[in-house]
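Okay, so here's the structure we're looking at.
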Amino acid sequence: MQKHILIVDDDPGMVLLLEEVLQHEGFSTHSAGDGRGALDLLQKGLVPQLILLDLIMPHMNGWEFMEQLRILNPLRSIPVIVMTGTYLRTPQEQLPYIIFKPFDFEQLLHLIDEISLTTEKSASNPDVIGVAHL
């Protein structure tokens, strides 16, 4: 089964690079330029296995998006990797997956693999303590 990733970033160049790298690795992708656009896709039925999320965006930023995602019960368990170039004072447990820009795509792919393996183990074995989700 092909894994699907939702990219939420207002930088078209970053979105294009991420799409190219991820599609080359066998993922399918959708993208949105801000949190509002991402929520629209999710509410229309898109169910990605992972969300790559920039924090600083117009209209609805990453923080606001994550707050709204928590409200959407069936979707709140989707793992989110936060991509940011900003220093964060947020406790690690609130954002379990962070990658700082600029980042190495190999580092991102490794993190995606780690999350995928942990999520699959958690889904197949309820006794396994897995990914800390939103």
Screening Gln23, Gln49 for residues that are surrounded by 17 or more Cβ atoms within 10 Å (Cβ to Cβ) and either more than 12 Å from the chain's Cα centre (by Cα) or at pLDDT below 95 (or both) leaves only Gln49
Considering residues of the range 26-46 that are in a loop (DSSP other than H, G, I, E, B) and more than 22 Å from Gln68 (Cβ to Cβ) only, the residue nearest to the chain's Cα centre (by Cα): Phe27
Under 6 Å between Cβ atoms, which residue pairs at least 6 apart in sequence (or on different chains) link something in the range 43-64 that is among the β-branched types (Val, Ile, Thr) with a partner that is modelled with pLDDT of 90 or more? Ile51/Leu6; Ile51/Ile78; Ile51/Val80
For the range 83-106, name all the residues that are at pLDDT 85 or above, farther than 13 Å from Leu53 by Cα and either hydroxyl-bearing (Ser, Thr, Tyr) or surrounded by 11 or more Cβ atoms within 10 Å (Cβ to Cβ) (or both). Phe103, Phe105
How many residues are touching a residue at least 60 places away in the same chain (Cβ under 8 Å) and aromatic (Phe, Trp, Tyr) when one looks only at the range 65-76? 0
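The values are calculated or read from the model by the stated rules, or taken from the named source; none is laboratory data. In this text, all values refer to a predicted model and were calculated from it rather than measured experimentally. Positions of Cβ are generated from backbone atoms using ideal geometry, with glycine treated the same way; all protein chains shown enter the neighbour counts.
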